[in-house]
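Below is one structure; the comments refer to it alone.
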Amino acid sequence: MDNMRIVVILMAAMIGLSTCEAPPEVLQEVEDSLSIIPEMPTPAIIAPALNVLDLEATEAFYVNMLGMKVMLRLGEKDAARQEVTLNFSGDLYAPESSLLLNYSADRAEPYTFDGFSRIAFRVKDVALIVERMRAAGHKIIREPRLIKGTSIKLAFVEDPNGALVELIEGMASAQQLKREQ
């Protein structure tokens, strides 16, 4: 059975139309086709979107300073609307969060981030990243410091659009915690 026929039967079923007129072998084929559809993954935050004035500078910040990779680009370089999706693996299907950069040529005023507190990244070496950012001329908001009573080190920097970026070192991932148990 072709995919279009399956879709039509499924859509009919979803809106309450009877598929009783369909021969049993067709219904079985639809049921068999459904078994190849993967289970839905656990709900998760996939990609917070950050509106940016300078897409090129912002992309360079997250790629060059934090090691993210471009996994998806929508819109041509000169398009009025562009989106760039970044993550650390560069794999569109990786089970990790991504960061979506939205650009609109119609926007000239800087975005305010008063309702958007910060973007936090777990990193291996906060001090090294802060020094790299300082050398590249990025604004350091708070120098690396140890949180009292923990082994967690924090720093805050600003991306090219004024968004606050938190860098966290020493925070174990869920996988690390499971291995330690």
How large is the direction-averaged shadow of the alpha-carbon convex hull of region 124-163, in nm²? 3.0
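Given 0.36 nm per residue, what is the gain on full extension from Ala80 to Ala108 after removing their alpha carbon distance, in nm? Can you show the working numbers first?
Working: separation 28, 0.36 × 28 = 10.08 nm, distance 1.23 nm.
Contour length minus the Cα-Cα distance gives 8.8 nm.
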Pull up the DSSP beta bridges for region 44-109 and report the antiparallel fraction as a percent, rounded to 5. 75
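Each value in this text was obtained by applying a stated rule to the coordinates, not by laboratory testing. Here the structure is a predicted model, which is why all the values come from computation and not from measurement.
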